[in-house]
1. Which of the lysines could a cross-linker bridge to A:Lys179, judged by Cα under 27 Å and excluding same-chain residues fewer than eight apart?
2. Taking 56 Å as R0, compute the FRET efficiency from the Cβ-Cβ separation of B:Phe40 and A:Lys308 and round it to 0.05.
3. Using 0.36 nm times the number of residues separating A:Ser26 and A:Lys402, minus their current alpha carbon distance, what extension gain do you get?
4. When the helix-only estimate is applied to chain A (DSSP H runs of n ≥ 4, each -39,500 (n - 2.57), divided by the residue count), what is the mean residue ellipticity at 222 nm, nearest 500 deg cm²/dmol?
5. Can you bin every Cα-Cα distance in the stretch A:132-192 into 5 Å intervals starting at zero and give me the percent of pairs per bin, rounded to whole numbers?
6. Specify the angular offset, from 0 to 90 degrees and rounded to the nearest 10, of the alpha carbon long axis of helix A:46-66 from the longest principal axis of the alpha carbons in chain A.
7. Run lengths n ≥ 4 of DSSP H only: what is the helix-derived mean residue ellipticity at 222 nm for chain B, with -39500 (n - 2.57) per run over all residues, to the nearest 500?
8. How high is the relative contact order of the stretch A:125-286, in percent, with contacts defined as C-alpha pairs under 8 Å that are six or more residues apart?
Amino acid sequence: MATSRDDFIIAIRSAFLKKSTQQKFSLLTLVVISISIIILSNLDFKVVRYMKNGINELVYRSSFIISVPENFIKNSFFEIREYSTYFKEFKNIKEDLSQLKSKNVSSEILQYENKELKELINDYVSSSDKVLAKIIVDHDSPFLKSIIINKGSKDNIKIGTNVYDQSYLVGRVIEVNFKTSRVLLLSDLNSNVPVTIAPQNIQAIITGSGNNNAQIKYIKKGFSDEFTNESIVYTSGSGAIFKSGIPIGRVISANDTEAKKFNVEFYSDFSQLKYVFAEVVTKIDIKRNNEEAEASVTNQNPMEAKLKILEDELEIIEESNARFKEENESLKNEINTLGEKITGFQTKISEQNETISQFNIETDELIFLRLNLQYGHKCRKSLFNHKGYTVGTSEYKECVLKRGKIND
Amino acid sequence: MTSLNSRGFYFKFYSLLPIIILFISVLNEFDFNYLNLKYFSFNFPFILIFFFTLKDIKNFDYLLVFLAGLINDTVVGLPLGISSLSFMFICIATSYFRNITIRPNPVKDWFYFLFIISLINSMNYSILTLFFSYNLILMSYLVNTFFTFLFYIIFANLFKYYMKGLDD
């Protein structure tokens with residue numbers, strides 16, 4: 001018994017401490033170093049942080065290079081699979097595109113409206129730039145769902161930066177290095193996102209399931225009865241970790257029908273990500289100027305401040321009065337010149353009227369003379385025409401104008 | 001002279017092959033996860049380290065294994081040092097097993113491997129959930145352990161050919 005225990009101790013001691021000719025360190029030393037690294041890496045020392053960042057940069061780049069052949073084979077396999085369903089997909093996409101184009105216009109209007117409303121609510125406007133980032137490491141680990149992108153603190157990426165696939169949320173940055181960052185995907189078990197489920201307008205939190213979907217958690221009992229397969233999930237913005245209104249996915253019922261469990265199917269396929277957008281947000285104050293002015297006023301004596309305001313008001317009123325007087329004078333001058341012009345025009349009009357009437361008289365006379373030549377003999381009183389009229393009378397003129405018809 | 005030099009280079013490369021594959025596998029996460037089989041995964045570095053430290057081959061330096069662990073942590077996103085500690089425990093276990101074994105038996109090695117990886121994965125799971133508050137799926141760990149155990153015998157037979165080549 002004692003011998004076997006001795007043997008065990010000798011074997012263990014040998015395993016921990018014995019170095020063969022090839023080994024530079026004993027295993028016990030390396031175990032101690034490992035434990036020290038675990039402890040040190042969790043302490044937020046500046047030196048440790050820089051070292052960690054350096055190691056991360058180096059390892060991520062190396063991993064990207066090493067993964068090139070595997071990624072090539074993997075991507076080729078996916079591309080071949082895509083080509084087989086290419087035509088069908090093209091038709092569907094074409095239909096979807098025409099529908100989306102029409103929807104896009106209304107969504108743009110909503111975006112502007114939203115921006116205006118946010119300006120009214122907040123004292124700042126958040127302008128955001130989406131930075132395109134390439135995924136350099138994506139090993140789809142079964143334990144942790146994360147990706148490495150080729151943008152870091154150099155590109156203003158910060159911890160918590162939202163990451164998108166087109167306009168769909170895929171995760172947030174949890175580790176930032178100089179030129180690389182680690183993004184925790186929404187499918188990870190450690191990812192919790194406050195969401196709104198529309199159209200029911202139910203607030204909930206979704207947690208990654210470790211697969212390509214998420215579970216809906218923390219909702220009141222009975223609320224899940226209202227869910228349909230049409231329900232969509234988007235960020236609520238609670239907690240200010242994620243921006244509000246970012247689409248995530250749609251509600252699907254889990255197979256467990258008795259318990260009425262619902263999952264969220266992401267719009268984006270995280271296993272197919274190649275490029276993502278990281279949203280760099282900058283806050284711009286919009287009320288700063290007004291606030292500064294207000295602050296300078298309040299710093300003075302209140303009575304003096306009031307007087308100053310009244311003086312300013314008086315000055316403004318006087319200035320505007322002088323302006324009105326000037327305007328009044330110029331308007332009067334304009335009225336006079338216009339009156340003169342009107343009288344000129346009126347005389348012109350009367351002259352023209354006279355000419356027109358003269359012209360009309362002359363025209364009537366001409367017509368009478370022409371008819372007189374033709375029908376004058378029928379209307380003139382003579383030996384053979386007893387019914388006729390004396391030349392120059394109004395009856396004679398009337399007869400001529402009636403083309404020789406004599407009134408009985 | 002030239003041929004002797006080139007032969008020396010090839011031999012050196014051949015003898016360093018396990019450690020090169022170890023580094024490639026930790027950098028590349030060689031585990032066929034993209035096949036999207038539910039829970040399917042296996043830990044290739046565990047197989048490699050267990051086999052070659054058990055055989056105590058030349059150039060399979062503990063320090064390099066330790067560095068491979070650090071790289072693995074960085075790639076996977078685990079707290080730095082966790083994988084190094086796991087790899088070191090495999091080395092200790094194999095060193096102990098080598099010391100107590102008089103007549104090596106592949107089946108015994110295989111089941112001893114199962115015991116060791118179960119122990120190490122349990123330790124990893126406990127450390128990550130208790131000290132680092134990670135949410136992990138226990139089933140993933142169990143399935144990973146099972147497939148790593150299954151794949152060991154296949155890879156062990158392949159590595160035997162390598163060992164044969166090294167002896168020749």
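1. A:Lys46, A:Lys52, A:Lys74, A:Lys130, A:Lys134, A:Lys145, A:Lys151, A:Lys154, A:Lys158, A:Lys243, A:Lys274, A:Lys283
2. Numbers: r = 78 Å, r/R0 = 1.39.
That pair, B:Phe40 with A:Lys308, gives E of 0.10.
3. Values: separation 376, 0.36 × 376 = 135.36 nm, distance 14.44 nm.
So the chain would gain 120.9 nm between A:Ser26 and A:Lys402.
4. Numbers: 8 runs with 203 residues, N = 408.
Taking each H run of at least 4 residues, the total per residue is -17500 deg cm²/dmol.
5. Computed distribution, short to long bins: 4, 20, 32, 27, 13, 3, 0.
6. Approximately 80 degrees, to the nearest 10.
7. Working: 6 runs with 123 residues, N = 168.
Computed ellipticity for chain B at 222 nm equals -25500 deg cm²/dmol.
8. Relative contact order here is 27 percent.
Every number here is computed from the coordinates shown, using simple stated rules; none is lab data. Keep in mind that this is a model prediction, so the values were computed, not measured. Glycine gets a Cβ as well: all are built from the backbone with ideal geometry, and neighbour counts include every protein chain shown.
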